[in-house]
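Q: Before we start, here is the structure in question, set down as structure tokens.
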Amino acid sequence: MIAAILLAAALQAPPVSARAKAVPVDVHADSIEYRYKEHRTILTGKPLVTFVREDATLVCRRAVANMDEDGRISTAQCEGDVKLTRGERQVTCERAKFEAVAGRVTCEGAPELRDGASIVKGELLTYDLDDDRITLTHAKGTVVQPPEGGASGGLQDLAPRSVRR
């Protein structure tokens with residue numbers, strides 16, 4: 001009997017990986033319009049809407065967030081002065097899609113990555129926040145290597161040693 005109850009509970013529980021990725025997102029906006037029947041929220045900022053997920057901050061002028069059954073943000077479409085900041089890395093673009101469970105931000109519309117003195121522009125930028133990995137298609141720019149013995153990581157893992165337009 002106890003085994004049957006434990007089995008039923010295990011079947012109803014979400015997978016461990018889904019629970020582990022349910023990272024809270026704090027949102028700040030000047031105005032919020034809840035559309036409960038649509039599971040959608042419209043956020044506008046004066047000046048900016050702010051999403052904070054752990055050590056990453058995404059800001060924009062307007063966002064449309066889709067909510068899950070529990071009322072948490074599942075995805076958000078951001079537009080207008082979009083900027084994602086994590087540590088020394090800054091990404092700017094015209095539009096971005098934030099996927100909460102996947103821990104991913106996808107930027108379109110002239111995405112630009114700045115990491116220290118390195119600046120790289122491209123067509124489509126995807127930032128995997130959980131793995132701290134950035135992928136940029138059609139990348140062009142300048143990659144500056146840290147001095148010998150300097151910190152590892154950053155753009156040197158993204159692109160060839162020097163890319164110039």
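Q: Among the residues of region 103-133, write down those that are within 17 Å of Cys78 (Cα to Cα) and small (Gly, Ala, Ser).
A: Gly103, Gly109, Ala110
Q: Does Ala65 satisfy being of a type in the set (A, V, I, L, M, F, W, C), more than 17 Å from Tyr127 (Cα to Cα) and assigned to a strand (DSSP E or B)?
A: yes
Q: If I ask for residues that are of a type in the set (D, E, K, R) and at pLDDT 95 or above, which ones from region 133-165 would you list? Break it down into steps so the answer makes sense when it comes.
A: Filtering region 133-165 for residues of a type in the set (D, E, K, R) gives 133, 140, 148, 157, 161, 164-165.
Once the filter is applied, which keeps residues that are of a type in the set (D, E, K, R) and at pLDDT 95 or above, region 133-165 yields only Arg133.
Q: Okay, moving on. Looking at region 3-12, can you tell me whether even one residue there is loosely packed, with under 13 Cβ neighbours inside 10 Å, at pLDDT 50 or above and outside any loop (DSSP other than H, G, I, E, B)?
A: So far as region 3-12 goes, no, none of its residues is loosely packed, with under 13 Cβ neighbours inside 10 Å, at pLDDT 50 or above and outside any loop (DSSP other than H, G, I, E, B).
Q: Among the residues of region 77-117, what is the count of those that are free of Cβ contacts under 8 Å to residues at least 40 places away in the same chain, part of a strand (DSSP E or B) and either buried (at least 17 other Cβ atoms within 10 Å of the Cβ) or of a type outside the set (S, T, N, Q) (or both)?
A: So the count comes out to 19.
Q: Taking only region 54-73 into account, find how many residues are modelled with pLDDT under 95 and small (Gly, Ala, Ser).
A: Selection size over region 54-73: 1.
Q: Arg19 passes all but one of (1) loosely packed, with under 13 Cβ neighbours inside 10 Å; (2) at pLDDT below 95; (3) assigned to a strand (DSSP E or B); which number fails?
A: (3)
The values are calculated or read from the model by the stated rules, or taken from the named source; none is laboratory data. Keep in mind that what you see is a predicted model, and the values were worked out from it rather than measured. All Cβ positions, even for glycine, are placed from backbone atoms using ideal geometry, and neighbour counts span all protein chains on display.
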